[in-house]
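What follows is a set of notes on a single structure, which appears directly below.
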Protein chains: 2
Amino acid sequence: MSGAEQAIALARVPVGVPVPEDFALITLAPRALEAGEVRVQAQYLSLDPYLRGVLSGRHMGHRCELGAVVPGAAVGRVVESRDPALQIGDTVIGEAGWRALPIMQKPRRWDIDAPVSTSLGVLGMPGLTAWAGVAQIAKPQPQETLVVSAAAGPVGASVGQLAQVRGARAVGIAGGAEKCALVKQQYGFADCIDYKRDDFAVALKHACPNGIDVYFDNVGGAVLEVCISMLALHARVVLCGLMDQYNQETRPKGPNLGPVIGARAMLKGLVVYDYYPQFDSFLSEMAPLVKSQQVRFVEDISVGIGQTPAAFCRLMRGENRGKTLVKLLDDYA
Amino acid sequence: MSGAEQAIALARVPVGVPVPEDFALITLAPRALEAGEVRVQAQYLSLDPYLRGVLSGRHMGHRCELGAVVPGAAVGRVVESRDPALQIGDTVIGEAGWRALPIMQKPRRWDIDAPVSTSLGVLGMPGLTAWAGVAQIAKPQPQETLVVSAAAGPVGASVGQLAQVRGARAVGIAGGAEKCALVKQQYGFADCIDYKRDDFAVALKHACPNGIDVYFDNVGGAVLEVCISMLALHARVVLCGLMDQYNQETRPKGPNLGPVIGARAMLKGLVVYDYYPQFDSFLSEMAPLVKSQQVRFVEDISVGIGQTPAAFCRLMRGENRGKTLVKLLDDYA
C-alpha cells in the first residue's frame, strides 16, 4: 500500500467564474482497498467544463461537498488491485478526483494504440460526446452544413472533423481570432466565426448561405439564438452544453422557438453518459481516424497537481487551447 | 355561372388582438372558371389561429394583401366544375377565402360518414395536426403522461383524446375554469389546469407527479417554459403553435433549454402541411373513433358571412369554445 498523496479539495463554492482560491491543496492519508477496487497512479487528470456545474450542485444533481476532493476523470497505471479483472501495470481510465493516487471502481482498461492522454480527450469522453451527437443523433449528410460552437474545444473540434469525414461542411464558432485560426488550420474546418464580433450573425449567415442543417450547441445563450434563427428545413440541433451560463447564478431566458416550427427542426438533448455502452463502436470508428490524422487533436497540458486549480480556472475563462489536462507523471517509456 | 357574392376583405393589418374593424364586407363580381377549377357554394368557413400570422405576413411567408379576400379553408358543394374529377353536387374541402362562392383548385372530396362540419375540425386540418403530433412524432405510450396546451381547442382536444386512446394519461392546459371543465367533461382528460392561476406551475406539477413524457405545445411563452422545466427522462415535445405571441408585434425570448439536456428530451417542430400525404391514414384511424365517440368534438358556430370577423376576433381573444366555424348554408337534407 502506498503512502500519503496530494489532492485538491473544494475550499468554497465558486461564485461566477472560479478563481484558484476556491480550491485548496491537501494531503490525503492512505486507506486500504475494498474488494473490487484498484489504486491507480494518475498520469493525467482531465479538466472539463461540466465540473463547474458539479461545484454548484447543478450537474445532473451531483454536488461536490466543501472540503471534499474535486471530482474528475483520470488515466493512470494500476499499482494495487483488488479487482480480479485488472493487473498491476494496467492502464485504466475512470472517475478519480483531483488526486495523485485515486481509488477507482470498475475503470475502463486502455489498450488502444494511441497516446495515453487521448483516452481523456479525442478518444475519451469528449470524443464520445462528439461521436454521439454526429453519428447517433444529427447524422450530417454530404453537402449539408454543420455548425458547432466552442469549436476550438475538444468536443467541438471532433464534431466538425467527424462531420467533414462524412462529407458535410463544418463551420465553427469560437471566441477570438486566435481560436478561429486554430479551428481552421489545425482542424480543417471550412470556416470559423468569432462570436465576439459585432457582426457575428451577419458573418455566420455569410458562412452558411443555405442555412444550418445541423447545429451542435455547446454554449446556449445568444449564440444558440442566432443559430436557431438560421435553421434550414429539417435541421437537427444537438443540445449538449451551456458554457454561456455555467458561471451564472441563475438560468437566463432562451431563444424563441418559432423558427424551429417553421424549419420542422428537431432538437435533442445529449448526455454523454447514455452512450458509454457504445464506447467500443465509437473507438472502432475514431481510433483509426486519429491514427490516420483525419481527426486531429490539440492538448493544453499543465504539469503538477498544484497547477490543477489554475488550469481549471483558465478553462472556465475560455483561455485554454484544446483539451485541458494536468500531467502528474511523465509518459511511459 | 352564379352571380355576385359576399366576401370579407382585409381592411387594415391588425395591430395586437384583431378587431372587427380590421375587416370589411365586400361584394365580389363573378368570374368565369379556368380549366381545373370548381366553383363551390360554401357551407362552412373554417377559422383558425394560423390566419393571424397570415394577416401580418408572418405565417410561412404568406401574406394577405390589403383589400384582398381573407384566406381560409371551407367545405361546400360544387356548383360548377371545370375539373373532370369533380361533379356538381360533390362535397369538397379546400382553400376558399372568406366568401360565399369560392373558386377552388384540386379540393379534397368529402365522402366520410360524419357531419360535413367535421371536415374542417376533428376530421380535418386540426385533427390531422393532432394525429401527426401524437401518432407520427411523440408516440405516447401506455402509462405515460401527455400534456397539451390550448386543450379546449380543436387541436388540443384531439391530441389528448388520441393519447388516451393509446393508453396514455392526458392532462390539459387551458385558460379559465369553464374551458378546463369542458376539457375534463367533454373530452375526458384526466385533468386540466388553468394557466391563469397564480399557482399554475404547482398545480401542473401536482397533476404530473412523474413529470411530463409528452408535451404538445400550441402556445409557447410562459406555459412552454413551465412544461420544459417538468420534462421526464426521454420526453418528447411537439412544437406546433405560438398562440401566446400571434398577437404580438415582436417575438419574445423563449425558455432556457437546460432542462432539455438533462431530460435527454427531443423537441420537434410540426407543420401540418407536411402530413397531407398521410390524410387517408389519419382518416382511417380518426373517423371510426369519432363515430364511436371515443373522440368527441365541440363546435363554436356563428351564422352568416357577416359574422366572420367577429367570430375570428373572439377566437383570437380565446373566447371560442371548440372548433370555430361560420355557417353559410343549412346542413343538407
Task: Residue check, residue B:187 open to solvent by 20 Å² or more (accessible area, probe 1.4 Å) and hydroxyl-bearing (Ser, Thr, Tyr) - done: no
Open item on the list: For segment A:271-288, give me each residue that is touching a helix residue (DSSP H, G or I) at 6+ places or on another chain (Cβ under 7 Å) and either hydroxyl-bearing (Ser, Thr, Tyr) or within 7 Å of chain B (Cβ to nearest Cβ) (or both).
Closed with: A:271, A:275
Task: Among the residues listed as B:69, B:54, the single one being open to solvent by less than 50 Å² (accessible area, probe 1.4 Å), aliphatic (A, V, I, L, M), at pLDDT below 95 and within 22 Å of residue B:306 (Cβ to Cβ) - done: B:54
Task: When residues of segment B:244-270 are limited to those that are closer than 20 Å to residue B:50 by Cα and polar (S, T, N, Q), the one nearest to the other protein chains (Cβ to nearest Cβ) - done: B:245
TODO: Kindly indicate the residue of segment A:215-251 that is acidic (Asp, Glu) and either modelled with pLDDT of 95 or more or in a helix (DSSP H, G or I) (or both) and also least open to solvent (accessible area, probe 1.4 Å) among those meeting that condition.
DONE: A:217
- [ ] Answer yes or no as to whether residue A:164 is surrounded by fewer than 20 Cβ atoms within 10 Å (Cβ to Cβ), away from chain B (no Cβ under 14 Å), among the polar types (S, T, N, Q) and in a helix (DSSP H, G or I).
- [x] yes
Open item on the list: Just the residues that are exposed (fewer than 15 other Cβ atoms within 10 Å of the Cβ) and either touching a Phe, Trp or Tyr at 6+ places or on another chain (Cβ under 6 Å) or under 30 Å from residue B:313 (Cβ atoms) (or both), please, taken from segment B:27-36.
Closed with: B:27, B:29, B:30, B:31
Task: Failed criterion for residue B:253 (all others in (1) closer than 30 Å to residue A:224 by Cα; (2) of a type in the set (Lys, Arg); (3) touching a residue at least 12 places away in the same chain (Cβ under 8 Å) hold) - done: (3)
Task: Of all residues making up segment A:115-139, the number that are assigned to a loop (DSSP other than H, G, I, E, B), open to solvent by less than 10 Å² (accessible area, probe 1.4 Å) and not hydrophobic (A, V, I, L, M, F, W, C) - done: 2
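Considering only segment B:257-333, give the strands (runs of 3 or more DSSP E) lying wholly within it that have at least 1 residues that are free of Cβ contacts under 8 Å to residues at least 40 places away in the same chain. Reasoning before the result, please.
Details: elements: B:266-269, B:299-303, B:323-327.
Counting at least 1 such residues, we get B:266-269, B:299-303.
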- [ ] Output yes when any residue across segment A:252-263 is buried (at least 19 other Cβ atoms within 10 Å of the Cβ), within 20 Å of the chain's Cα centre (by Cα) and farther than 21 Å from residue A:136 by Cα, and no when none is.
- [x] no
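Taking the condition of a type in the set (S, T, N, Q), crowded, with 24+ Cβ neighbours inside 10 Å and under 19 Å from residue B:163 (Cα atoms), does residue B:210 pass? Full working, then the answer.
Working: of a type in the set (S, T, N, Q): yes; crowded, with 24+ Cβ neighbours inside 10 Å: no; under 19 Å from residue B:163 (Cα atoms): yes.
So residue B:210 does not fit the description; no.
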- [ ] Six or more apart or on different chains, Cβ under 6 Å: which pairs go from a residue in segment A:67-95 that's of a type in the set (S, T, N, Q) to one that's part of a strand (DSSP E or B) and surrounded by 15 or more Cβ atoms within 10 Å (Cβ to Cβ)? Could you list them?
- [x] A:81/A:38; A:91/A:77
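The values are calculated or read from the model by the stated rules, or taken from the named source; none is laboratory data. On a predicted model such as this, the values are computed, not experimentally measured, just so you know. Cβ coordinates were reconstructed from backbone atoms using ideal geometry, including for glycine residues, and neighbour counts include every protein chain displayed. Accessible surface areas use protein heavy atoms only, side chains included; no ligands, DNA or RNA. Shrake-Rupley method; radii C 1.70, N 1.55, O 1.52, S 1.80 Å.
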